[in-house]
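Participant: Have a look at this one.
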Amino acid sequence: LPKQNIYVILEYLSDQKMKFLYESATIFCLTSYGEGFSLPTSEAVSTKVPVLCPDTGGHMDYLDKNGRYLVSGFWDTVFDQPPYDSDAKWYIPLISDIRRKMKLAYEDWKIQNGELQKAATSNLNVLSSGCFAREKIGNRLFENILDLPNTKFSKINKLKKKIANKPLKEKLSV
């Protein structure tokens with residue numbers, strides 16, 4: 001039998017080890033039910049790794065909506081213990097489409113047609129230019145700090161004075 005390059009990791013990994021894993025990956029695949037923002041997906045995109053994931057969920061805020069490796073699915077009622085309401089729904093990816101997209105990614109890798117890299121670049125462009133762009137998040141953070149109420153001796157008040165009228169890069173170094 002051919003050697004399989006699939007490993008199950010059950011322990012906590014440092015940021016450095018996670019970065020190594022992302023950078024070593026050909027594609028990142030996360031097809032869980034009812035996925036929200038999905039921090040692992042955003043980390044994969046940030047490290048220029050193409051992602052294979054459902055075509056619906058919070059992660060679509062930072063992915064190319066026409067992505068080649070998006071998996072279709074359907075909404076279904078959650079039959080589980082609280083905290084879920086009786087009418088709550090989860091998006092469930094179709095296993096047949098997961099298989100089809102994984103095969104497509106494998107074929108793209110095998111023939112080296114550039115589609116994997118195109119997908120990675122497209123997602124990174126959406127992430128870095130949309131509402132999760134670092135500059136937008138940084139500016140929003142500092143707007144919120146400046147909107148906090150003033151108190152005479154607060155650390156926030158000192159911080160407001162330090163960052164006032166400075167460009168974002170200087171604010172981030174404070």
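The values are calculated or read from the model by the stated rules, or taken from the named source; none is laboratory data. Note that this is a predicted model, so its numbers are computed, not measured. We place every Cβ from the backbone using ideal geometry, glycine too, and count neighbours over all the protein chains shown. For accessibility, only protein heavy atoms count, side chains too; no ligands or nucleic acids. Shrake-Rupley method; radii C 1.70, N 1.55, O 1.52, S 1.80 Å.
Participant: Hey, what angle do you get for helix 134-147 against the long axis of the chain, alpha-carbon based, 0 to 90 degrees rounded to 10?
Facilitator: Here the helix axis deviates by roughly 40 degrees.
Participant: How much accessible area per residue does the chain have, counting only protein heavy atoms and a probe of 1.4 Å, in square angstrom?
Facilitator: 73
Participant: Where does the charge balance sit around LEU148 when Lys and Arg score +1, Asp and Glu -1, over other residues with C-beta under 13 Å from its C-beta?
Facilitator: For residues surrounding LEU148, the net value is +2.
Participant: Could I ask something else about it? For the chain, what percent of Cα pairs sit more than 26 Å apart?
Facilitator: Above the 26 Å cut-off, the chain has 48 percent of its Cα pairs.
Participant: Of the beta bridges DSSP finds with both residues in the chain, what % are antiparallel, to the nearest 5?
Facilitator: Just about 55 percent of them are antiparallel.
Participant: Continuing with the same structure: If you line up the long axis of helix 15-24 against the longest principal axis of the chain, both from Cα atoms, how many degrees apart are they, to the nearest 10?
Facilitator: 40
Participant: In degrees from 0 to 90, rounded to the nearest 10, what is the angle of the helix 95-111 Cα long axis to the longest principal axis of the chain?
Facilitator: Value to nearest ten degrees: 90.
Participant: Could you check which residue among ALA164, ALA105, ALA120 shows the biggest mean-square fluctuation in a GNM of the chain with a 10 Å Cα cutoff?
Facilitator: ALA164
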